[in-house]
Every structure is written in C-alpha cells, then in structure tokens.
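The block underneath contains the structure these notes are about, expressed in structure tokens.
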Ligand SMILES: [Zn+2]
C-alpha cells in the first residue's frame with residue numbers, strides 16, 4: 001500500500017521502515033504526538049521510538065526515487081487514488097489542480 005507523507009508530500013510504501021503501521025493501528029510509539037497521528041515517509045519518521053529503541057527511519061530508503069504527489073501527472077495520480085492504490089490520496093487529489 002502506498003501513502004502520502006503528511007509532512008513532506010512524498011509518496012512512500014507502507015512496507016518500508018516508516019510510521020505507517022504505528023499510526024494506522026494507533027500504537028502511539030513516538031514521544032512526539034505528531035508522529036502518532038500523521039503518516040510520515042521513511043525519511044520524515046522519527047529515528048527513535050519513545051522507549052529509546054532506534055528505528056530504521058530517518059533517511060530515505062532508496063528502494064525507489066523519492067517523488068512527491070504533486071509531481072505526478074494528474075490523470076495518473078487520479079487513477080491511482082480512485083483505484084485505492086494510495087491510502088490517504090483522496091484529500092491530496094483535491095489539493096492539486098488539473099494542469100495538463
Ligand atoms: Zn516525508
């Protein structure tokens with residue numbers, strides 16, 4: 001499942017080392033409340049959990065190039081969102097204008 005980072009707008013894969021699952025299941029593993037409530041990409045997710053354990057987050061994973069949702073072609077982005085490929089894509093679809 002792909003999602004959009006609510007901090008920087010990057011499109012990331014929930015299977016990478018980011019806070020997606022923690023936020024989805026409301027685990028509240030982070031000291032800063034922001035990261036317990038907002039989906040963040042691997043680079044924006046905290047380096048540590050609140051118990052002091054290091055995460056593998058904090059830098060981009062390089063499994064694919066970092067790309068922001070507003071860089072995608074509108075029609076491609078719209079198709080991905082409408083087909084349920086981007087978990088939180090609907091609110092971002094409203095933010096970008098048709099710029100073909
Ligand atoms: Zn980010």
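The values are calculated or read from the model by the stated rules, or taken from the named source; none is laboratory data. No experiment lies behind these values; they were computed from the predicted model shown. As a convention, Cβ positions derive from the backbone with ideal geometry for all residues, glycine included, and neighbour counts pool all protein chains shown.
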State yes or no: is residue 98 surrounded by 12 or more Cβ atoms within 10 Å (Cβ to Cβ), over 17 Å from the mean Cα position of the chain (by Cα), at pLDDT below 95 and over 25 Å from residue 37 (Cα atoms)?
-> no
Residue 52: surrounded by 13 or more Cβ atoms within 10 Å (Cβ to Cβ) and over 25 Å from residue 95 (Cβ atoms), yes or no?
-> no
Test: residue in segment 40-53 that is within 12 Å of the ligand (Cβ to nearest atom), part of a helix (DSSP H, G or I), free of Cβ contacts under 8 Å to residues at least 60 places away in the same chain and in contact with a helix residue (DSSP H, G or I) (Cβ under 9 Å, 6 or more places away or on another chain) = no
Could you say whether any residue in segment 56-68 is surrounded by 14 or more Cβ atoms within 10 Å (Cβ to Cβ) and on the phi > 0 side of the Ramachandran plot?
-> yes
Could you please find all residues in segment 20-39 being part of a loop (DSSP other than H, G, I, E, B) and either within 14 Å of the ligand (Cβ to nearest atom) or surrounded by fewer than 17 Cβ atoms within 10 Å (Cβ to Cβ) (or both)?
-> 25, 26, 27, 28, 31, 32, 38, 39
Take segment 4-18 and flag every residue that is near the ligand (Cβ under 10 Å from one of its atoms) and closer than 15 Å to residue 61 by Cβ.
-> 5, 8, 10, 11, 12, 18
